[in-house]
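Colleague: Can you read through this structure? Questions will come right after.
The values are calculated or read from the model by the stated rules, or taken from the named source; none is laboratory data. Everything numeric in this text was worked out from a predicted model, so none of it was measured. Note that we place each Cβ from the backbone using ideal geometry, even for glycine, and neighbour counts take in every protein chain shown.
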Amino acid sequence: MVEDYLSDREQEEALLVWWRENWIWIVSGVGLGIAGLLGWQYWNRQERAEAERAAQVFSDLRTSLAAPGAKDQPETLIKQLDAEYKDSPYSAQGHLLLAQSKVAAGQFEQASNELKAVIEKSTDEALVQVATVRLARLELQLGHADQALALLDVNKAGAFAVQVHEVRGDALLAKGDRSGARLSYQAALTESAGKDPTGTELLRLKLQDLGDVQSAVPAAPAPAASTAKSETKAQ
């Protein structure tokens, strides 16, 4: 290395020359690094504060829906969520909550509009699927089997495959397509295996009503190895 052949004095002078030529870039780099760090911390604080405000508005919405005689307050709060926190999941959750309230009140058209708002505007795929399945159930309840089927795409169902197959089966059965309904229920039953005992039992009952005894009856458990050996010895 060249430094090995320089005296201490020469090394100091070389360092000073290098510093005079490069100090502005070093100081600028440090300054930018500090500014970036401070900016990142500020952005995080703002994000947390905005999330907390959105959560509070959503909490107020839930409280107003549970309170008797809330009148226009829920509508005001959902508009605030849409206007100020439209990119927050609380906006979509607010519409789902409001739709549930509308269904309970028998206001099916308004409930449908709330669910459609989630489907059209939310960027959260899970919430979109929840809204889609609920809207399909609502359409089916109103006697619109074709509209329900048009909403349900098993190829895009993902984690909601069980619900999509089941509601498709309900819609096909409503149209008189018992064979198609049976296939949809069987697909839902396969997807639900080991996940939802209550839902699995309901699917078995639906298949039983369609005369599909084989799918409706749970498979018998295999005999334990010790039992099988005992039977062999007995023979």
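Colleague: Only one of 193, 187, 181 is out of contact with any Ser or Thr (no Cβ under 9 Å at 6 or more places or on another chain) and more than 25 Å from residue 103 (Cβ to Cβ); which?
Modeller: After ruling out the rest, the residue left standing is 187.
Colleague: State which residue is nearest to residue 199 (Cα to Cα) when the search covers only segment 153-182 and only residues that are among the charged types (D, E, K, R) and assigned to a helix (DSSP H, G or I).
Modeller: To start, the set of residues in segment 153-182 that are among the charged types (D, E, K, R) comprises 153, 156, 166, 168, 170, 175, 177-178, 182.
Remaining after also requiring assigned to a helix (DSSP H, G or I): 156, 166, 168, 170, 178, 182.
Details: 156: 21, 166: 10, 168: 15, 170: 14, 178: 20, 182: 16 Å.
Step by step, filter segment 153-182, then rank; the result is 166.
Colleague: Separate question: Would you please name the residue that is surrounded by the fewest Cβ atoms within 10 Å (Cβ to Cβ), looking only at residues in segment 117-134 that are of a type outside the set (S, T, N, Q) and out of contact with any helix residue (DSSP H, G or I) (no Cβ under 6 Å at 6 or more places or on another chain)?
Modeller: Pass one, segment 117-134, residues of a type outside the set (S, T, N, Q): 117-121, 124-128, 130-131, 133-134.
Filter once more, so that each one left must be out of contact with any helix residue (DSSP H, G or I) (no Cβ under 6 Å at 6 or more places or on another chain): 120-121, 125-126, 130.
Numbers: 120: 9, 121: 14, 125: 12, 126: 13, 130: 20.
Per the stated criteria, the residue is 120.
Colleague: Failed condition for residue 189, given (1) at pLDDT 95 or above; (2) crowded, with 23+ Cβ neighbours inside 10 Å; (3) not hydroxyl-bearing (Ser, Thr, Tyr), with all others met?
Modeller: Failed condition: (1).
Colleague: So is residue 162 surrounded by 15 or more Cβ atoms within 10 Å (Cβ to Cβ) and outside the structural domain of residue 192 (by TED's automatic domain parsing) or not?
Modeller: No.
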